[in-house]
Structure formats: C-alpha cells, structure tokens
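Each remark here refers to the structure printed beneath this line.
All of the numbers you see were taken from the coordinates with simple rules; none came from a lab. In this text the structure is predicted, and so the values were computed from the model without any measurement. With ideal geometry, Cβ positions are generated from the backbone for all residues, glycine too; neighbour counts draw on all protein chains shown.
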Amino acid sequence: MQFMLLFSRQGKLRLQKWYVPLSDKEKKKITRELVQTVLARKPKMCSFLEWRDLKIVYKRYASLYFCCAIEDQDNELITLEIIHRYVELLDKYFGSVCELDIIFNFEKAYFILDEFLLGGEVQETSKKNVLKAIEQADLLQEVRYLFSSLGTSMLS
Amino acid sequence: MPAPIRLRELIRTIRTARTQAEEREMIQKECAAIRSSFREEDNTYRCRNVAKLLYMHMLGYPAHFGQLECLKLIASQKFTDKRIGYLGAMLLLDERQDVHLLMTNCIKNDLNHSTQFVQGLALCTLGCMGSSEMCRDLAGEVEKLLKTSNSYLRKKAALCAVHVIRKVPELMEMFLPATKNLLNEKNHGVLHTSVVLLTEMCERSPDMLAHFRKNEKLVPQLVRILKNLIMSGYSPEHDVSGISDPFLQVRILRLLRILGRNDDDSSEAMNDILAQVATNTETSKNVGNAILYETVLTIMDIKSESGLRVLAINILGRFLLNNDKNIRYVALTSLLKTVQTDHNAVQRHRSTIVDCLKDLDVSIKRRAMELSFALVNGNNIRGMMKELLYFLDSCEPEFKADCASGIFLAAEKYAPSKRWHIDTIMRVLTTAGSYVRDDAVPNLIQLITNSVEMHAYTVQRLYKAILGDYSQQPLVQVAAWCIGEYGDLLVSGQCEEEEPIQVTEDEVLDILESVLISNMSTSVTRGYALTAIMKLSTRFTCTVNRIKKVVSIYGSSIDVELQQRAVEYNALFKKYDHMRSALLERMPVMEKVTTNGPTEIVQTNGETEPAPLETKPPPSGPQPTSQANDLLDLLGGNDITPVIPTAPTSKPSSAGGELLDLLGDINLTGAPAAAPAPASVPQISQPPFLLDGLSSQPLFNDIAAGIPSITAYSKNGLKIEFTFERSNTNPSVTVITIQASNSTELDMTDFVFQAAVPKTFQLQLLSPSSSIVPAFNTGTITQVIKVLNPQKQQLRMRIKLTYNHKGSAMQDLAEVNNFPPQSWQ
C-alpha cells in the first residue's frame with residue numbers, strides 16, 4: 001500500500017497515512033485530486049479505479065470514505081477486507097465508531113492503524129491481538145515514567 | 001503563563017468557525033501561543049502542543065516549526081510523549097526534511113528499550129519512513145529483533161526489514177540467516193509478516209529465489225501452512241466470515257506464485273493445494289472471492305497443468321456472473337491478462353463478456369470492450385461487430401475513439417465480405433464520425449479504393465450520409481474524397497447493391513460547396529472538398545463552368561492552403577487544360593502494406609472470396625529486395641507448407657527413413673510431410689515464389705541460354721527428364737523441372753518422386769502435377785524442384801521413385817550425376 005486517506009463527504013481530510021516519501025506539496029495535490037475523483041463516483045460504481053499508475057480501492061462507511069492506493073501486483077479484493085478490518089478495529093475500540101470519534105481522537109485512530117499496518121502491509125491478522133496491544137499501550141500512558149534501557153528509573 | 005488549551009478543546013473551537021477566514025484566525029492565534037510555549041522549552045505541555053499542531057497540519061496549515069519538538073518528545077521518557085512524538089515524526093519528519101537524521105539515535109535507543117511498546121514505536125516509525133541512511137545505520141538492530149522470541153516485536157521487525165530492503169537492497173543478505181525459522185512460528189502475525197518479507201526477497205533477487213526454492217524447501221512449508229488453514233476447524237481469533245485468516249492465505253498464494261513461476265518442480269508441488277483452494281473456498285462473500293482471485297492469478301502465472309488452468313478460467317467466468325461489480329471488474333482484468341495465452345478457454349465466456357458492455361460502471365465497460373476486441377475472430381465477427389457497433393452508439397465519448405479504431409482493425413482483419421466491410425465503416429463514420437482518429441481517414445480511403453466493385457455503392461451511401469449532416473469531419477473527408485473520385489458513378493445511378501438514387505451533378509456540387517462554406521468544416525476538410533470539386537471537372541459533363549467558377553473564387557481565399565490549391569487548379573483550367581483529364585483520372589488500386597503475411601489471411605478468412613489475393617498487386621511490379629533471404633527461408637523453412645498441397649503423408653515419412661539409412665551423410669529433403677492444405681488453393685497462386693524473382697509466367701527465362709536437359713533416370717519403361725533454368729535474380733538458385741513419362745502399356749499410379757542432395761545444398765520440392773504416369777507416353781507428370789547452391793558445388797542428387805504398376809508396388813533408387821555444368825556453376 002502506498003497511502004491511505006480518510007475523508008468526509010465534504011472532502012475534509014480526517015486521516016492521512018503515507019508509506020512513500022513525498023513532499024508536502026505533492027501530498028496536498030494528490031489528496032485534492034483523489035478526493036475530487038472519488039467523490040465524483042456514483043454509488044453504483046465499483047470500488048476500484050485506476051488513477052495515475054496506481055490502483056485505488058475505496059469504500060464508504062457512513063459519512064467517511066476510506067481510500068487506499070495499492071500497487072499493480074496487490075489484490076484489490078483483499079484490500080477491501082483490510083479496510084473493513086480497520087473499521088472493525090475502530091468500531092471495537094470506540095464502541096460504534098462514528099466520524100466525530102475520529103475527528104476528536106485522531107491520534108488514537110493513528111495508533112490503532114499503526115498496530116494493524118506497518119510500512120503499508122498487514123502486521124497482525126488477529127483482531128483480538130491488535131486491540132490487546134492498544135489497550136496495554138494506553139495503560140502505559142498512565143505510568144509517569146518509563147524505565148529506560150539502562151534500568152534506572154528517572155524520578156522527577 | 002496559563003496552561004495551553006487541551007487538544008479536544010481546540011478541535012471543538014475550530015469546528016465552530018463559520019468561515020475559512022474565521023478558522024484561519026483561530027489557527028494563527030493558537031499557533032502563536034504554541035510557538036511561545038515551544039520557545040519556553042515547556043516540557044509538561046509539549047506533548048499537548050504538538051498534538052494540536054498535528055491537528056492543524058491535517059487541516060492543511062504549516063507545522064514545520066514543530067519538527068524539532070517532535071524530536072524532543074521522542075527523546076522523552078514518558079510514553080505519552082514518545083507516542084505523540086513518533087506520530088509527529090511520521091507526519092512531519094519524512095526523509096526530505098533536514099532534521100530527519102537526528103531521529104536516528106533516538107530510534108536506536110528505543111529499539112533496545114526495555115518496554116516492548118516503545119520498541120514497537122521505534123520499529124513502526126523506522127519501517128514506515130526511515131531514510132536509506134537511517135536504514136543503513138539501524139539494520140543491525142532490526143536484524144537482532146528479527147530473531148527475538150517476542151512475537152509482538154518479531155512481526156514488526158519483519159516488516160521493518162522489508163522497508164530496509166526496499167530502501168537499501170544491498171542489505172538483503174544480512175537478513176537471510178534470520179529468516180531460517182520464521183515459518184515455524186505459530187503466531188499468525190509473525191507468519192504473515194514473514195511471508196511478506198520472503199516475498200520481498202524473492203521478488204528482488206533471483207539468487208534468493210533459487211535459494212529459497214532449493215535449500216529452504218519453501219514450497220512444501222507454505223503448502224503445509226496453507227493446508228492447515230483450510231483444513232483446521234473454526235478459529236475465532238482469525239476467522240472472517242467462516243474463512244480462517246484470509247490475509248495470510250492470500251499472501252501465501254502470492255509467494256507461491258513467485259516460487260512457481262518458470263519452475264516445473266515448484267509448480268507441480270503446489271498443484272494439489274491450488275486445486276483444493278480453488279474448489280473448496282466459500283464464494284458467498286468478498287473474502288472468499290479475494291482468495292479465489294489470488295488463486296487464479298497464481299494458477300495462471302505458474303506452470304500449471306491444463307486442467308488447473310481451465311478451472312481458473314472457469315472461476316473467472318463465474319466471477320463474471322457475480323452480482324458484485326467489484327468481482328466482475330476483477331474478473332475482466334484477469335481475463336484480459338490471460339486472453340492471449342488461453343484464448344480458447346476465454347472464448348467460452350464471450351457472451352458474458354459482451355453483456356458486460358452494457359454495464360453501468362465505466363471501468364467495467366472499458367475492460368469489457370478491450371476484452372471483446374481481443375476475442376474477435378473470423379468465426380464470430382458478424383455477431384461481435386453487431387454488439388460492438390451498438391456499444392459504439394451508446395458509450396461515453398471517452399470510449400468512442402478507441403472503440404472506433406478497434407472496430408476498424410477488427411473489420412480489416414476478419415471482414416467476411418467487401419460489402420459488409422464497407423457497411424461497417426459507414427456505420428462507424430455515421431455513429432461516431434467525429435471521434436474517429438485522423439489516421440483512420442487515409443486508411444479508409446485506401447480500403448474503399450481497393451474495393452473496386454463497391455465504388456458505386458460506397459459513394460452513394462456516403463453521399464446520403466452527409467446530405468443531412470456534414471459536421472463530422474472524418475466522415476465528410478472520406479465522403480468528399482469518394483464523391484470526387486466516383487461522382488460519375490453517383491450521377492449515372494450505377495449502384496447494384498441497393499436502389500440507385502437520382503442525383504444531378506448540380507446537387508452533388510451543392511453539397512460539396514456547402515462543405516466548403518460551412519463554419520464547421522476544418523481547413524483539412526475544405527481542402528478535401530475543393531480537390532473533389534476539381535476532380536469532378538473531368539467526370540461531370542454539364543457543370544464544368546460552375547466548377548471553374550468555384551475554383552476561381554477560392555483563388556483569393558484567406559486560407560493559404562485553399563488558395564494554393566485553387567490557384568493551381570485554375571492554372572490547370574487555363575494553361576494546362578490538355579493535361580487536366582490525365583492528371584485527374586481515377587486513382588489506381590493502391591499497394592497495400594499488409595501487416596499479416598499471406599498465409600495468415602488465407603487461414604482466417606472464413607468465406608470463399610479470395611479477397612486478400614486480389615489486393616496483392618500483380619508481380620510485374622518491383623520485387624522486394626530481400627529475395628535471397630526469402631528464398632533461403634522458403635527452402636529451409638516450413639512456413640509455406642500450408643499453401644502447398646501435399647503428396648500422401650504416409651509414404652514420405654517412411655521413405656525418408658530408408659533414404660537416410662542408405663545415404664549416410666547426404667542431406668535429405670523429401671516431399672514436405674505437412675498437414676493437408678485447403679485443396680482449393682490453385683497451383684499457380686503460390687505467392688512465395690513470386691518473391692524470388694521468378695514470375696509464374698514462363699519460368700523459363702534462360703531457355704534461350706540453353707542449359708541442356710538430361711535424362712536423369714530411365715528404367716522399366718519409366719523415364720525421368722530434367723530441364724533446367726537459372727534464376728535471373730539469384731545465381732545460387734537452380735530450378736529443375738522433372739518430367740516423368742511411361743512407355744509401358746499400363747499406367748503407373750501413386751507415383752511419388754523424392755530427392756536428396758548433399759549437405760551444402762538446400763532442396764525444395766513443389767507439388768507434382770499428378771500421381772499417375774499414363775501409359776504409352778500419353779502424358780507426363782511434371783514436378784518442380786528448386787535447388788539452392790550457395791557454394792556453387794557440383795550438383796549431385798539421389799532420387800527415389802515409388803509407384804504401383806501392374807498390380808505390384810515398385811520402388812527404385814538412383815543417383816543422378818550427369819548434371820550439366822551450366823546448371824550449377
């Protein structure tokens with residue numbers, strides 16, 4: 001996967017994860033064009049389209065579009081499953097997730113994504129394991145200080 | 001300084017902004033506050049401030065002043081700080097930024113942290129956006145983590161390694177030892193990421209690929225894992241709609257594809273499991289179809305047996321009938337890839353594919369169109385063309401040009417009749433006339449010119465087509481040209497194919513003049529029209545004065561092109577009137593540059609009309625230059641065999657064997673033992689021989705030069721005489737015509753003549769005139785032999801004769817040594 005974008009029906013960006021190095025300007029341009037293209041699609045059309053030299057897989061969940069750019073040799077149908085799995089993870093974490101959850105907790109959405117995908121590939125296929133890892137990491141935020149690799153705790 | 005506002009608070013506030021300007025104001029205010037907070041090196045709220053900055057960055061506002069702060073957060077010992085710091089790094093600190101490298105040390109430390117979640121953050125960041133330098137520096141750490149027993153870290157390290165390899169391919173080797181036991185893991189996360197890592201390595205390096213095939217025996221391992229996934233019962237942890245870990249299944253299938261490609265052993269080892277997956281996977285949901293799709297891709301790409309390939313194509317065929325348009329799309333894409341190699345199998349699904357032309361989705365329509373063109377052949381051309389023309393009528397404008405071009409190409413290749421061809425062209429021009437590509441116009445004109453008997457019909461139809469509407473430029477151009485050429489046929493009402501229309505010369509000139517005047521006509525079209533009007537001056541009788549007037553008007557046209565033409569035509573009327581009729585006479589049939597060889601046309605042309613041979617110009621024209629090569633091809637190769645009717649196949653093969661025994665080192669050429677060719681191909685029309693400079697009219701160019709003929713064989717009443725000619729154009733070629741005669745009182749039947757020559761020669765035997773040598777010398781069998789003798793060695797030949805005579809089978813061998821020197825020197 002080269003990148004994943006989440007945007008609303010009005011074209012507002014809610015999440016952007018880039019797995020290829022591009023300048024800010026290029027990212028903005030791509031985002032703008034792609035959002036326009038996907039929003040112009042009619043509901044009866046299929047979830048895939050060719051755009052530049054990439055394959056775009058998109059799916060709409062309520063008011064949010066989930067849009068992934070994959071390479072030629074990647075499987076479009078399984079990408080749909082990847083998108084669905086991510087939505088399921090968000091749903092489990094937030095409890096019936098809606099767009100507002102992602103707006104107000106965007107950093108959490110990123111954390112969950114980063115436990116599910118790494119470098120554009122799936123790193124964990126078990127829903128349970130992803131959620132467990134997030135849970136434990138969240139708990140760790142409660143701890144004031146971490147033990148460093150040297151083993152000495154640093155108290156303020 | 002009051003505590004900076006919380007992230008949620010900021011988001012809420014910004015969302016209340018009613019205009020873009022209001023939002024910008026809020027953002028600027030907050031950014032200023034954040035900036036001063038950063039300047040004060042406030043550790044407590046740094047995390048909060050960076051988080052807010054990231055939110056504003058997502059809205060599209062600049063956030064580069066937060067880059068260094070991210071670095072500070074990463075270096076912090078608070079997990080919250082690190083989490084936001086790394087997130088900020090991934091969003092703001094890609095490798096194009098100067099401070100990117102400063103992360104390296106922090107990441108290195110965190111890769112060795114005691115808390116796995118910190119290590120995880122570091123691996124994630126490195127694996128998502130580490131630069132090549134960073135990867136180089138930290139590859140060792142990643143490799144270490146690849147060998148850890150902690151599966152949480154191991155899976156992340158594997159994907160991090162994939163990124164390192166993508167950035168710095170030379171480092172691939174160092175990860176090889178760590179891959180040894182990756183597939184023994186039970187943890188699906190590790191399995192999945194390991195398969196991805198192995199895939200990356202195999203794709204990048206053929207050596208790695210070979211290593212994994214042979215030494216690591218990767219295929220059996222993968223097969224085993226896949227089998228377990230399919231056969232094992234319900235596993236709640238990895239289940240998706242009844243299928244166990246589809247993500248892993250798909251990745252394994254993809255790796256198998258790479259391993260099986262071009263490798264018979266590997267392909268064989270995975271045959272069974274592929275068949276199993278293909279037949280047992282549940283297809284009611286997308287997830288099952290995703291696996292089937294990957295399976296089909298793998299089957300088609302490896303060296304699978306034909307049964308498996310047919311299974312794969314049938315799966316695609318079923319996909320085409322699926323209600324889910326995504327599935328249909330994927331099927332069409334895959335079929336497009338395989339249509340060349342498995343053409344017949346794909347043909348079976350032709351009607352479903354054609355139905356997809358009517359789909360609502362643009363991408364599906366495009367693929368269906370491309371696939372349809374790939375499937376057109378001589379047998380289905382009529383039906384397919386009907387569908388394609390209907391499609392051309394109703395499709396979106398973006399398709400029309402490609403569709404029109406495709407139709408022209410298909411029509412040219414497979415047209416069952418001239419009339420059909422012209423009708424099809426007409427239909428395209430009238431339906432999509434403005435989308436036809438510019439280069440189609442000259443091609444069409446050439447086609448029309450060469451269809452001599454259809455001229456009247458064509459010009460009539462074209463005339464009728466532009467009468468109502470002359471806005472479609474390509475149509476008008478072709479029509480104008482034709483009217484200019486064949487206007488006389490139009491007014492004389494000579495059309496045979498349909499009811500001839502009554503048209504006067506003035507009416508014809510009216511339409512051409514309208515084209516000239518119209519605003520819609522382009523400069524090119526006007527040029528066509530003017531030239532057409534001029535040509536009609538020699539074809540029309542009553543309206544020459546009108547034509548003169550029109551031409552003289554345009555002598556002062558603003559359009560330079562038109563002006564030049566008009567001035568020149570004017571001159572034709574005045575000073576050069578005596579040349580006018582010669583200059584403007586009917587165009588000759590044009591030399592066609594066929595992309596297919598003559599044999600191909602013969603095979604695909606379904607009906608008996610010998611159209612392709614018609615379009616070939618008579619051999620009196622200049623000969624192709626590569627004649628020597630052609631002759632070598634002919635004498636050595638088999639590509640002309642379909643054109644040559646053969647002698648009975650059984651005898652030559654056995655006879656050949658015997659000759660071989662006897663003749664030892666002498667090169668052998670018997671009669672071509674090819675499959676029977678269509679008997680309808682007449683003897684004389686053997687195009688290859690036209691290429692070698694010897695025309696089919698008297699071959700006997702050098703008969704006057706008088707190479708003496710010889711009696712090659714005379715025994716038991718059978719006499720065989722050789723007469724010689726040398727090629728004018730190729731001195732290494734000798735053409736021998738043998739004549740067999742029979743002086744006995746009974747016919748010799750089933751006569752077969754065979755010849756063998758030494759290795760340095762090449763021989764070609766053409767078909768005999770018959771297989772019966774009539775008795776009492778009442779007739780002869782003639783057969784032509786061509787000998788290529790590039791080294792100009794003395795000609796020697798062994799001949800073998802078999803025939804039936806007086807009820808018994810006869811056979812004889814002889815050597816011919818009495819060739820006259822002029823036949824080979």
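Charged side chains reduced to their Cβ positions (Lys and Arg at +1, Asp and Glu at -1) give segment B:708-821 a dipole of some 440 debye around its Cα centre.
Mind giving me the FRET efficiency for B:E499 and B:S232? R0 is 60 Å, r the Cβ-Cβ distance, nearest 0.05 is fine.
Result of the calculation: an efficiency of 0.20.
So what is the relative contact order of segment B:129-254, in percent, for Cα pairs below 8 Å that sit 6 or more residues apart? With pairs under 8 Å counted, the relative contact order is 20 percent. Both radii come from the Cα set of segment B:437-582: Rg as radius of gyration, Rh as Kirkwood radius; their ratio Rg/Rh reads 0.95.
Find out how many positive minus negative residues lie around B:N570, taking Lys and Arg as positive, Asp and Glu as negative, among other residues whose Cβ is under 14 Å from that of B:N570. That works out to +4. Rg and Dmax of segment B:105-157, both derived from C-alpha coordinates alone, stand at 9.8, 28 Å. Here the relative contact order of segment B:437-582, from alpha carbon pairs under 8 Å that lie six or more residues apart, stands at 19 percent.
Which whole-angstrom value gives the distance between the alpha carbon centres of segment B:406-458 and segment B:465-481? The distance from the Cα centre of segment B:406-458 to that of segment B:465-481 comes to 14 Å. Listed values for segment B:391-397 are Karplus-derived 3J(HN,Hα) couplings in whole Hz (6.51 cos²θ - 1.76 cosθ + 1.60, θ = phi - 60°), namely 4, 4, 4, 9, 7, 5, x, and x replaces Gly and Pro. Think of chain B as having a plus end and a minus end, set by charges on the Cβ of Lys, Arg, Asp and Glu; of B:L111, B:T531, B:L766, B:L111 sits farthest toward the positive end of this dipole. Other residues lying with their Cβ under 11 Å from the Cβ of B:S709 contribute a combined charge of -2, Lys and Arg counting +1, Asp and Glu -1. On average, how much area does the Cα convex hull of segment B:22-169 cover when viewed from any direction, in nm²? With every direction weighted equally, the projected area is 8.7 nm².
Rg/Rh for segment B:257-363 stands at 0.97; both radii use Cα atoms, and Rh follows the Kirkwood definition. Roughly how many Å is it from the Cα centre of segment B:737-796 to that of segment B:2-18, as a whole number? Segment B:737-796 and segment B:2-18 have Cα centres separated by 103 Å. For chain B, the relative contact order is 4 percent, taking Cα pairs closer than 8 Å that sit 6 or more residues apart in sequence and dividing their mean separation by the residue count. Taking 20 °C and 1.002 mPa s as conditions, segment B:411-471 diffuses translationally at an estimated 178 µm²/s according to Stokes-Einstein applied to its Kirkwood radius (Cα pairs). Each Lys and Arg Cβ is given +1 and each Asp and Glu Cβ -1; about its Cα centre, the protein assembly as shown then shows a dipole of about 2700 debye. Note on B:N105 and B:D438: the extension gain reaches 113.7 nm, defined as 0.36 nm multiplied by sequence separation minus the Cα-Cα distance.
Computed over segment B:708-821, the P(r) tail beyond 21 angstrom holds 35 percent of alpha carbon pairs.
What shape does chain B have by the C-alpha gyration tensor, where a ≥ b ≥ c are the square roots of the eigenvalues, rounded means a/c under 1.5, and otherwise prolate means a/b greater than b/c and oblate the rest?
Verdict is oblate for chain B.
Charge tally around B:L111: other residues with Cβ under 14 Å, Lys/Arg +1 each, Asp/Glu -1 each, net +2. Shape call for segment B:746-803 from the C-alpha gyration tensor, a ≥ b ≥ c root eigenvalues: rounded (a/c under 1.5), prolate (a/b greater than b/c) or oblate? In terms of gyration-tensor shape, prolate.
Distance from the alpha carbon centroid of segment B:572-589 to that of segment B:143-192 works out to 82 angstrom. I need the shape label for the protein assembly as shown. Rule: rounded when a/c is under 1.5, else prolate if a/b > b/c, else oblate, with a, b, c from the alpha carbon gyration tensor. Oblate, since a/c reaches 1.5 and b/c is not below a/b.
Given +1 at the Cβ of Lys and Arg, -1 at the Cβ of Asp and Glu and no other charges, the dipole of chain B around its Cα centre is 2520 debye to the nearest 20. Simple spin-label model, 7 Å along Cα-to-Cβ: B:R24 to A:C98 in nm? Label at B:R24, label at A:C98, 3.2 nm between them. Taking label points 7 Å from Cα along the Cα-to-Cβ direction, B:Q347 and B:S417 give a separation of 2.4 nm.
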